[in-house]
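Inspection log for the structure reproduced underneath, given as structure tokens.
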Amino acid sequence: MKPASIISLIIAVLLMVVGLVTCFIAQNIARDNGESLFSKQPDGSYRVEETLKDDTVKIELIDLSNVKINIYGNCDSEDSAHYSETARIEFINFKENFYNLTYGGTTLSFDQILPNITSLAKSLISGGSFKGMRYYLNPDQLKEFLKKEETEDDGKRIDIYLTSHVKKINNIKIGTSGDCEILIDNVESGADFDITADRLKLTVTNTETSGHLYVNNLTKDTDKPAKSLDLTVTRSAFDSLVLNADEMTVNAVGLDLHIKPDNTGNGMKLTCEAGDLRIGMQKPLLSSYNIEEILASGQHLIVEGNYENSPYTKLAASGLPFIIISGGKADVEIYGNTQAALAPAAATEAENGG
């Protein structure tokens, strides 16, 4: 063996010995301090809570993966199903040190660091915090580092509780990969909802905003549509609704689009390659909205109960909200005046105290 090889071998052995001694010392120090040498997830759910200040303007939840998000409005109302005296946001079951949470000025920003080397390096390069290797070097985490993407559903959830005191929020931005489920319930605000996703289940109930709801808006947030979108809407209204997905399922009852005071155009634009679109508008369809175009080659195109040919156009009056549907091979059914259909349900809720 050459002298250089012998010297290299000796140095390698010395480094191994020094490393083992260092780990032994660190383990004893950690034990004396009542801490684990490597960070461990506590039993049960891991929860971080942040109180939202009254002057909060923007909430950004980005780089999320396989997460459920609940946005509850009017939470300080005594009859709220999700009562909270203060506006707050909770992050549940996100691994310790695998997220960046900042709350500077009027913007709260949260981004998840996926448990792999690529995501960790990206976070550190972009200025993310680093609290030490003890958060990464444990048996469970080492196995995750080699994965290209996170696939396991481990109960990650974000709950946002909005109250009447938080009136200045004008934008809630959500960016996800993998499977994501979002609920927007009982929210009254002027906020824009900007969502980008791969596979999204979105439910909107009893919500009214003078802003917009965008899912993969190709001109603003992303250059590609969602792979799949399953949207359910009940008793909700927006200035604008823009949805882009390869596969889209829509079930809407009581959906409305605001008429702007300045008579400028706003409305709904849905784009997909395939799916099933069943859209019940709140007001009379043919007199309250301008149907600029419905283009779809599915098994049927039904407008107000009548089978129609594609493309279908029906303009009511200047200044009314527009409707554009590019449905690819999707089946489309659209009708209006669903406010009357909602009345019995509303009456039942009132009788039950809901």
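For the reader, a short list of remarks on this structure follows.
- Selected residue (criterion: farthest from Val48 (Cα to Cα)) from residues of the range 95-115 that are under 19 Å from the mean Cα position of the chain (by Cα) and at pLDDT below 85: Leu114
- Taken as a whole, the range 164-171 holds at least one residue that is closer than 23 Å to Leu257 by Cβ and part of a strand (DSSP E or B).
- Within the range 190-214, tally of residues that are in a strand (DSSP E or B) and either within 17 Å of Asp276 (Cα to Cα) or of a type in the set (Ser, Thr, Tyr) (or both): 9
- Residue check for Asn251: surrounded by 17 or more Cβ atoms within 10 Å (Cβ to Cβ) and either among the hydroxyl-bearing types (Ser, Thr, Tyr) or touching a strand residue (DSSP E or B) at 6+ places or on another chain (Cβ under 9 Å) (or both): no
- Entirely in the range 244-354, the strands (runs of 3 or more DSSP E) that have 2 or more residues that are under 20 Å from Ile195 (Cα atoms), at pLDDT 95 or above and not polar (S, T, N, Q): 267-281, 322-328
The values are calculated or read from the model by the stated rules, or taken from the named source; none is laboratory data. This structure is a prediction, so every number in the text was calculated from the model and none was measured. Neighbour counts run over all protein chains shown; Cβ positions are idealised from the backbone, glycine included.
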